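Where a number appears in this text, it was derived from the coordinates with a stated rule and is not lab data. Just so it is clear, the structure is predicted and the values come from calculations on it, not from any experiment. With ideal geometry, Cβ positions are generated from the backbone for all residues, glycine too; neighbour counts draw on all protein chains shown.
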Amino acid sequence: MAIESAHPAIDPPQARSVWQGVARSVLWCWLVLGFSCALGQAQSADSAYSWSGLPALQRFPPGDRPGGQQSFAITQTPAGEILVANADGVLRYFGGHWSKLDLPLMNTARSLAVAEDGQIYVGGYHHFGRLARGMDGQYLFEDLDDLFFPDRRGAPLAEIWETLADPDGVYFGTNSELFWVGADNSHKRWTIPGSGSAASYRVGEEIWVRREGGTLLALRDDQLSVLLEDVPRMTWIGQQRDGRVLALMHDGSFNVLEDGKLSPLAVAVSAELGESSPYCVLLLADDSLLVGTLSGEVFWFSHDLQLRQRWPISPFPILSMGTDWENGLWLATDNEVIRLNLSERWSLLGPDRGYRGTLLDGGVYAGEVLLATSMGLYRDAGGGSMELVGPEGAETRDTEAVPGGALVATGNGVYQRSEGRYELVTEDANALYLILSRRHPDIAYAIEDAGLLILGQKDGRWSESSRIIDPAYRFVSLVEDRSGALWAGQVGDDPMRIQLTPDGRGVIDATRQNTGLQRSVGADSNTFGFAGEIYASTDEGIYRWAGDRFLADSLHGLDRLVANRLTEILVDECGPGQVYAATSRQLFHWTDQAWHPLPLMDGQVQGVVGFDCGGGDDHFITTWSGLARLRADSEAPVGRSAAPTLESVQVSQGDTEIRLALLPEQPPQVPAAATVRFRFALPSFDRGWRMQSRLSPQDAFWTDDPGLGLREFSAQSPGEFEFQVRALRDQSPAAEVLRYRFVVVPRWWQTGWAMLAAMLLLFVVIALIVRWRLKRLESQNRNLEQTVKERTASLEARSSELEDANQRLRELADQDGLTGVANRRRLEHDLEVAFVQAAQAEANLALLMIDLDHFKQFNDRYGHLRGDDELRRAAQLMQRALDWPGGLLARYGGEEFVVMLPGADLNQALAQAAAIRSTLAHDDPQQHRLTVSIGLSERRSHHAPSANALLEQADQALYLAKGGGRDRVEIFRR
């Protein structure tokens, strides 16, 4: 179901840019982006839009955690641990890691509760008990069945359906009885009247029970008394803070208990809720209600039962819900365990909602969410569905808000989206991105591969005003200054200032500006605006235009934050307090006169492709995972103090291993030969935190924790040590440091008297040996001196010869002699290693099999020497286009090459393939034009069982590419 939200517009500066640091063909063809900035009149302040995005999600399928598939209950302890009742026991999630707690006699945990004193109670099949954490950090299970069934004959308990916390203990509910156990092991039991299944609920301070036949009972005055008869099938009943008792019925309707009877309430989505099969309910502190359904949806109702959100979360039934102290909602399902953020600050519209292709831009335009992808233009139709509104398969690169709709840049022209129509503005234009002029509201600029297209608007219709085609126009960014002039960053060149005619429809002059600017030869330049000023960035730094020259400017430390991605900087000013900067890897927010990192979806999404102010407080960031919405007026969730906690301290020596107390009264003693292993964790779900540790006084500096929460120390010198752990966020450490002191006990030979005796004995022995050796060495030295001189000269000559030979052998072994790239031997070795590593890590691994089109005809026509030159040129160009960490280009044989891309999925591999094709095709036009056919395969997507199979799949895809007309990329198909 779509949620309506206000979406007013503002008037930010106009600037567009594309990311650098990738092959130019990828830059122009795939990662064309920019900060979309709509004019003030593009949207009215009261416009609303359908949004099918989901909150930030973390999924934990069975393969990513211990235990079985089904999980039945979920809760959080006062220490911040998440406990899950699972078909294989109790699972614990803490500090980013899962573990399983042993439950003797109980294979399945069915229900969980944490009492007010922090005690953890577990109900299962035929057993219930208590989990308690020992002094050493281990959880121990105490079976409480003996309190009621000391002889343990038969299976008297059956299934424990509910475990409900009480201020003094806990209730366990079955189909026939209700049990209570206090913290001191005092206990009671009640027989539930009637027959059939029973369900127990906490209603305010009381325990209520509903029998299958419709009888509703309450535990009052130490007995179960009938409240109501003939109560319809019920999912939940509970009490809000104002005393109102609400009941959710099985058919999705809500009832209120008034005057001793249940009366129905008018709720707009009761029918839809009933169709989704409500199964569990969570009453939040603000009296709002979360309803989990067997269809995998979550309905969120306000305290007065108005629908706030409806999220299709999982394909599996939701069986239980719980919250954590950082506004997270945890769902236990028939298969996966899920955490989602209840804050409405972030949500994501991903490809699972129905759009196809790589997302290149997106935002809200005249009340509709549009997504520009490599496969077309899509509209969020609401209710979680996407509608294709442009030609299918047409690469759509950029969208820009205009009054009444949007301008759309595609690979075959510019289009206008208005009043539900998609109309051509100008054809035969390879439009990369767009900006709207602030000085001339009826003018827009479209950037082409080698040109500038000026569009004009009259009576709401856009058309081409003029087009400038110039090979010198190789723009990667464009920004308009206050005078209406355009500043362009360029591929491999200095920034260009373009002076326009007074009406903005023509170019008067275009000049490069490099005074005061530092840039490496061949490096790109980038332009952007900030606080009304024009800035340029190169690989050497950030520069501000001062009227006649550029001046070096750190832009308040932004240059240090972006490190080696200076030419990717984009800045967008969406309104007061809403200024953002980005590179392809990071997003920053300008607050308190400083730049602060802004993790995408609270750190759960990576990669910035574009940014759209959107208007009002809703901003849209195009990411590698989809279109993220940032509600700037929603405060970021604030968790508890991120103080690290100690999980365990283990001491091992040989086959012996012991666990030390976590809070000892005195520092424990550790043998000098032992290994001390510390496990620690951070009770926070905020990925902005990181941990550091050190052993004082041994370590002078802190060591970053890679996420394992583990440090171990072996064979320490005798003395007193303190292990320390701290948490940091934005380079600022938390106030509290975890400290654990211990003493390393010396071995007997490390004691003072033993060391003194050993030193005296050693001194005597050394004196005798030295006296004897001196006499012998004097004689040997004279004999050896001459031999050494002779052998030294011989060895030096031989060593030089061997080094030269080894160097030549190393080069010949792994290098193709003609092209200089890796040879087939190197490829086969590296591919086998990469395939094993990818299989072990369940990671992606892609291969590109490349064949030079019509090379044999070229060879026959121009001869083998010219053919060899072409092979070398092609190899050099492909090596230049390859921009992938760990990527390898190898000559496979003849005119065939192979590119190995560890970690690349299909979309990323397609981008690399496009980069190679474009680089070859756009090389020196004076030389023979190179085209290639490329076959693509990917280990996970195509289920390749071996490295050879992956190579064979790529070869089959290459055969399809060649058979399909060459000069194309084909993906392996079975």
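Taking other C-beta atoms within 10 Å as the exposure proxy, L424, L307, L289, L432 rank L424, L307, L289, L432 from fewest upward. Over segment 508-563, all Cα pairs binned in 10 Å intervals from 0 give whole-percent P(r) values of 22, 58, 18, 2, listed from short to long.
Computed with the Debye formula from one identical point scatterer per Cα of segment 328-392, without solvent, the log10 of I(q)/I(0) at q = 0.18 Å⁻¹ comes to -0.75.
Within the set of other residues whose C-beta is less than 15 Å from the C-beta of A199, count the net charge using Lys and Arg as +1 and Asp and Glu as -1. Net of charged neighbours comes to 0.
What is the mean projected area of the alpha carbon convex hull for segment 824-971, to one decimal in square nanometres? Don't jump to the answer; show the numbers that get you there.
On the way: hull surface 32.9 nm².
Averaged projected hull area, Cα only: 8.2 nm².
How large is the dipole of the chain about the Cα centre if only Lys and Arg carry +1 and Asp and Glu carry -1, each at its Cβ, rounded to the nearest 20 debye?
Working: 91 positive and 129 negative charges, 612 e Å.
In debye, rounded to 20, the chain gives about 2940.
Considering only beta bridges that DSSP places wholly inside segment 824-971, some 85 percent are antiparallel. Taking a span of 15 Å or more along the helix axis (Cα atoms) and a mean Kyte-Doolittle hydropathy of at least -1.0 as the rule, the DSSP H helices of the chain that qualify are 752-814, 824-841, 906-921, 947-963. Among DSSP beta bridges whose residues both lie in the chain, state the antiparallel percentage, nearest 5. Rounded to the nearest five, the antiparallel share is 95 percent. Candidates L882, A954, L930 compared by Cα position along the dipole of segment 824-971: farthest toward the positive end lies L930, with charges placed on Cβ.
Can you tell me the dipole magnitude for segment 813-955 around its Cα centre, using point charges on the Cβ only (Lys, Arg +1; Asp, Glu -1), in Debye to the nearest 20?
Details: 14 positive and 21 negative charges, 41 e Å.
Magnitude of the dipole: close to 200 debye.
Once you sort the root eigenvalues of the Cα gyration tensor of segment 771-850 as a ≥ b ≥ c, which label holds: rounded (a/c under 1.5), prolate (a/b larger than b/c) or oblate (the other case)? Oblate, since a/c reaches 1.5 and b/c is not below a/b.
From the alpha carbon centroid of segment 861-885 to that of segment 899-974 is 16 Å.
For the chain, averaging the sequence separation of C-alpha pairs within contact (under 8 Å, six or more residues apart) and dividing by the residue count gives a relative contact order of 10 percent. The Cα trace of segment 566-610 gives Rg and Dmax of 10.4, 27 Å, the first to one decimal, the second as a whole number.
For segment 315-452, the alpha-carbon radius of gyration amounts to 1.33 times the rule-of-thumb value 2.2 N^0.38 Å expected for a compact globular protein. In plain terms, the bigger the Kirkwood radius, the slower the diffusion; for segment 645-744, with that radius from Cα pairs, at 10 °C and 1.306 mPa s, Stokes-Einstein puts D at 112 µm²/s.
The chain: Rg/Rh from Cα coordinates, Kirkwood Rh?
Numbers: Rg = 35.0 Å, Rh = 33.4 Å.
Rounded to two decimals, Rg/Rh equals 1.05.
Across segment 892-974, Cα-Cα pairs farther apart than 18 Å form 42% of the total.
Towards the positive end of the charge dipole of the chain, with charges on Cβ (+1 Lys, Arg; -1 Asp, Glu), say which of P668, G460, N327 has the farthest Cα. Result: P668. Across every pair of non-identical alpha carbons in segment 52-184, the mean reciprocal distance, once inverted, gives a Kirkwood radius of 15.4 Å.
Can I get the semi-axes of segment 479-542's equivalent ellipsoid? Compute them from the C-alpha gyration tensor as square roots of 5 times the eigenvalues, in angstrom, largest first.
Values: eigenvalues 97, 36, 13 Å².
Value: 22, 13, 8 Å, ordered largest first.
Cα centroids of segment 92-106 and segment 305-350: 22 Å apart.
Among residues other than W702 whose Cβ falls under 12 Å from its Cβ, what is the net charge (Lys/Arg +1, Asp/Glu -1)? Within the 12 Å Cβ shell, the charges total +1.
For segment 200-311, the spread of Cα positions along the three principal axes, ordered from largest to smallest, is 42, 29, 23 Å. Normalised radius of gyration (Cα atoms, divided by 2.2 N^0.38 Å) for segment 281-346: 1.03.
How charged is the neighbourhood of V521? Take every other residue with its Cβ under 13 Å from the Cβ of V521, and add Lys/Arg as +1 and Asp/Glu as -1. Kindly include the intermediate steps, with their values, before the conclusion.
Values: positive: R519; negative: D493, D494, D524, D539, E540.
Combined, the nearby Lys, Arg, Asp and Glu give -4.
Over the residues of the chain, the helix contribution to mean residue ellipticity at 222 nm works out to -5500 deg cm²/dmol, using -39500 (n - 2.57) for each DSSP H run of at least 4. Antiparallel beta bridges, as assigned by DSSP with both residues in segment 645-744, represent about 95 percent of the total such bridges.
Distance between the C-alpha centres of segment 585-639 and segment 476-530: 28 Å, rounded to the whole angstrom.
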